[in-house]
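Asks: What follows is a structure written as structure tokens; I'll ask about it next.
The values are calculated or read from the model by the stated rules, or taken from the named source; none is laboratory data. Keep in mind it's a predicted model, so treat the numbers as computed, not measured. All Cβ positions, glycine included, derive from the backbone under ideal geometry; neighbour counts span all protein chains shown. Side chains included, ligands, DNA and RNA excluded: accessible areas come from the protein's heavy atoms. Shrake-Rupley method; radii C 1.70, N 1.55, O 1.52, S 1.80 Å.
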Amino acid sequence: MQSFQPPRRILMGPGPSDVSPRVLAALARPTIGHLDPEFQTFMEDTKAALSRLFNAPDHACIPLPAPGTAGMEAAMMNLLEPGDRCVVAVNGAFGGRMADMAGRAGATVVTVDHDWGQPVDPARVETALAEAPTKVLAFVHAETSTGARSDAAALCGLARKHGALSVVDCVTSLGGVAVDVAAWDADFVYSGTQKCLSAPPGLSPVAISKRAQAAITGRKEKVRNWLLDFNLIMAYWGGDGGRTYHHTAPINALYGLHESLVAIFEEGVQAASVRHARMHEALAAGIEAAGLRFLVDAKWRLPQLNTVIVPDGVDEAAVRAHVLKRWDLELGAGLGPLKGKVWRIGLMGASATPWHVRLCLTALCEALAAQGVKADVEQALAAADAKLG
Ligand SMILES: *Cc1c(COP(=O)(O)O)cnc(C)c1O
């Protein structure tokens with residue numbers, strides 16, 4: 001057996017994104033015991049930083065010890081009991097996953113289905129909420145499978161109005177576009193580390209409101225999932241001093257998350273979201289100058305996830321294979337109904353720089369030219385540079 005030496009790649013797919021050297025270096029710091037007093041101080045610091053990033057001063061903010069999907073599973077398993085009604089807005093793959101999980105939690109699931117590429121329609125969600133008392137309204141803020149952003153403030157407001165708890169998937173939005181849990185008055189918000197936070201995958205930061213906590217502690221039956229049972233996990237993450245063993249925190253992974261939070265506050269959360277918007281504008285100008293089109297209407301486009309329609313006659317997978325081989329560049333494929341029809345280009349966290357924009361345009365135009373499609377790289381780069389200034 002030999003050590004694994006991964007190739008150097010440029011990550012511009014739907015996640016993971018490029019991890020900066022300072023975060024990689026943090027991962028290699030010495031492992032200490034998870035009940036070490038120094039580690040407990042570090043846990044408190046991490047909680048405070050998450051609560052600042054989510055803008056959730058009154059929520060319980062902790063990182064769950066598994067990838068973004070664990071946040072989704074924790075939300076559904078903790079909030080739902082058999083027979084509860086759960087309305088799920090589905091406008092892509094992750095909304096579909098939420099509905100599947102809600103069903104596994106024993107809920108009566110009502111989906112509000114949308115065409116992929118559309119934002120969630122608050123009017124249709126309200127109709128579903130008005131039909132019967134609902135325990136949970138779940139939706140995805142930034143649908144990574146399509147690149148569409150939905151109006152989280154409006155949807156959380158509807159949940160409040162109809163007495164439901166809101167579950168908001170912010171896996172791709174956190175760190176890339178504004179996430180304001182306090183202003184939304186959201187109940188269970190979860191994210192991931194490998195999208196716009198640019199840490200390695202494997203952790204799921206969550207923010208849980210007082211209302212949601214009361215619903216969990218007041219359950220009729222135990223949470224069926226032991227690891228993610230909020231009542232048990234908070235005895236580990238919640239108390240200062242009185243911390244008892246629950247699981248062994250992924251210590252070094254948490255160093256990585258912590259360093260990525262230090263980096264985002266150094267830059268400024270607002271500045272980071274402006275950077276994502278600028279890089280998106282430059283990429284979009286270049287993409288359009290090259291003769292390509294976007295799936296999502298400009299108004300609802302996510303800057304960090306650009307869904308570009310594959311032109312007729314172009315082999316979608318061959319283009320991705322070309323840019324990977326020639327440029328070490330990873331682009332994302334379409335999922336579900338969009339398979340073979342789109343590329344998903346991520347501009348997330350450390351992968352949202354002018355250099356990434358130019359590299360992507362250059363590589364993409366070259367790959368298209370290799371298939372005999374006219375895509376003018378000089379025009380694409382000039383259009384992007386005009387936006388980058
Ligand atoms: C990536 C992603 C997830 C799942 O996160 P994992 O870390 O892959 O488990 C969930 N929701 C959305 C919107 C995502 O983009």
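Asks: Using Cα springs under 10 Å in a Gaussian network model of the chain, which residue among Gly218, Gly95, Gly147 shows the largest mean-square fluctuation?
Replies: Gly218
Asks: Restricting attention to the range 6-53, which trypsin sites (Lys or Arg not before Pro) occupy a DSSP loop and are surrounded by at most 12 other Cβ atoms within 10 Å? All intermediate terms of the calculation are to be shown ahead of the outcome.
Replies: Values: sites: Arg8, Arg9, Arg22, Lys47, Arg52; in loops: Arg8, Arg9.
Hits after loop and neighbour filter: Arg8.
Asks: Can you pull the one-decimal nm distance between simple spin-label points at Asp312 and Lys220, each 7 Å off the Cα toward Cβ?
Replies: Using points 7 Å along Cα→Cβ, the separation is 5.7 nm.
Asks: When the helix-only estimate is applied to the chain (DSSP H runs of n ≥ 4, each -39,500 (n - 2.57), divided by the residue count), what is the mean residue ellipticity at 222 nm, nearest 500 deg cm²/dmol?
Replies: Numbers: 14 runs with 168 residues, N = 389.
Roughly -13500 deg cm²/dmol at 222 nm, from the helical runs in the chain.
Asks: I'd like to check one number: the per residue accessible area of the chain, probe 1.4 Å, reported in Å² as a whole number. The partial results should precede the final answer.
Replies: Working: 15820 Å² over 389 residues.
Solvent-accessible surface per residue comes out at 41 Å².
Asks: Further, regarding this structure: Which pairs, out of Lys135/Lys161; Lys135/Lys195; Lys135/Lys210, put more than 22 Å between their alpha-carbon atoms?
Replies: Lys135/Lys195
Asks: Could you work out the relative contact order of the range 20-265, using alpha carbon pairs under 8 angstrom and six or more residues apart, expressed as a whole percent? Walk me through the numbers before you get to the answer.
Replies: Values: 482 pairs, mean separation 64.2, N = 246.
Dividing the mean separation by the residue count of the range 20-265 yields 26 percent.
Asks: Under 1.5 on a/c is rounded, so check that first for the chain, then, if it is not, pick prolate when a/b is larger than b/c and oblate when it is not; a ≥ b ≥ c are the square roots of the alpha carbon gyration tensor eigenvalues. Don't skip to the answer; put the middle values down first.
Replies: Details: a/c = 2.03, a/b = 1.34, b/c = 1.51.
Taking the square roots of the gyration eigenvalues as a ≥ b ≥ c, the chain is oblate.
Asks: Let me ask another. Within the range 269-388, what is the number of lysine pairs with alpha carbons under 22 Å apart, leaving out pairs fewer than eight places apart on the same chain? Don't skip to the answer; put the middle values down first.
Replies: Working: Lys299/Lys341; Lys299/Lys387; Lys325/Lys339; Lys325/Lys341; Lys325/Lys374; Lys341/Lys374.
Here the count comes out as 6.
Asks: Same structure, new question: Between Ala370 and Ala28, what is 0.36 nm times their sequence separation minus the Cα-Cα distance? Round to one decimal in nm. If you can, show how the numbers build up before the last one.
Replies: Numbers: separation 342, 0.36 × 342 = 123.12 nm, distance 4.13 nm.
Extra length from Ala370 to Ala28 when fully extended: 119.0 nm.
Asks: Another one. Taking the Cα of Lys341, stepping 7 Å toward and past its beta carbon, and measuring to each backbone N in the range 302-327: which are under 17 Å?
Replies: 306-317
Asks: First compute the accessible area of the chain with a 1.4 Å probe, then give the percent of it belonging to carbon and sulfur atoms. All intermediate terms of the calculation are to be shown ahead of the outcome.
Replies: Values: 8650 of 15820 Å².
Exposed carbon and sulfur together represent 55 percent of the surface.
Asks: Compare Ile32, Ile251, Ile216 in a GNM of the chain, Cα atoms joined below 10 Å, and give the one with the largest fluctuation.
Replies: Comparing Ile32, Ile251, Ile216 in the GNM, the peak value goes to Ile32.
Asks: Mind checking which helices in the chain clear 20 Å along their axis (Cα) and have mean Kyte-Doolittle hydropathy of -0.5 or more, DSSP H runs only? Write down the numbers at each step before the final one.
Replies: Details: long enough: 37-54 (26 Å, -0.26); 251-267 (25 Å, 0.66); 269-289 (30 Å, 0.20); 354-370 (24 Å, 1.01).
Helices meeting the criterion: 37-54, 251-267, 269-289, 354-370.
Asks: Return the distance in nm (one decimal) between the two label points of a simple spin-label model at Ala48 and Ala182, each offset 7 Å from Cα along Cα→Cβ.
Replies: Rounded to a tenth, the inter-label distance reads 1.6 nm.
Asks: Need one number: % antiparallel among DSSP beta bridges in the range 20-265, to the nearest 5. Could the numbers behind the result be given before it?
Replies: Numbers: 10 of 28 bridges.
Just about 35 percent of them are antiparallel.
Asks: Using the crude model of +1 on Lys and Arg Cβ and -1 on Asp and Glu Cβ, and no other charge, please compute the dipole size for the range 241-364 relative to its Cα centre, in debye to 20. Working shown, then result.
Replies: Working: 13 positive and 11 negative charges, 33 e Å.
Computed charge dipole of the range 241-364: roughly 160 debye.
Asks: Could I ask something else about it? How large is the charge dipole for the range 39-163, taken about the Cα centre, if only the Cβ atoms of Lys, Arg (+1) and Asp, Glu (-1) carry charge, to the nearest 20 debye?
Replies: 120 debye
Asks: May I pose another question? 7 Å from Cα along Cα→Cβ at both Ala154 and Ala123: what's the point-to-point distance in nm?
Replies: Between Ala154 and Ala123, the label points sit 1.0 nm apart.
Asks: To make sure I understand the rule: partners must be aspartates and glutamates, Cα under 16 Å from the Cα of Lys220, and not fewer than 8 residues away in the same chain. Which ones qualify?
Replies: Of all the aspartates and glutamates, those that pass the test against Lys220 - Cα under 16 Å, at least 8 places apart if same chain - are Glu81, Asp84, Asp229.
Asks: Which value, in debye to the nearest 20, describes the size of the charge dipole of the chain about its Cα centre when Lys and Arg Cβ atoms bear +1, Asp and Glu Cβ atoms bear -1, and nothing else is charged?
Replies: Dipole of the chain, to the nearest 20 debye: 280 debye.
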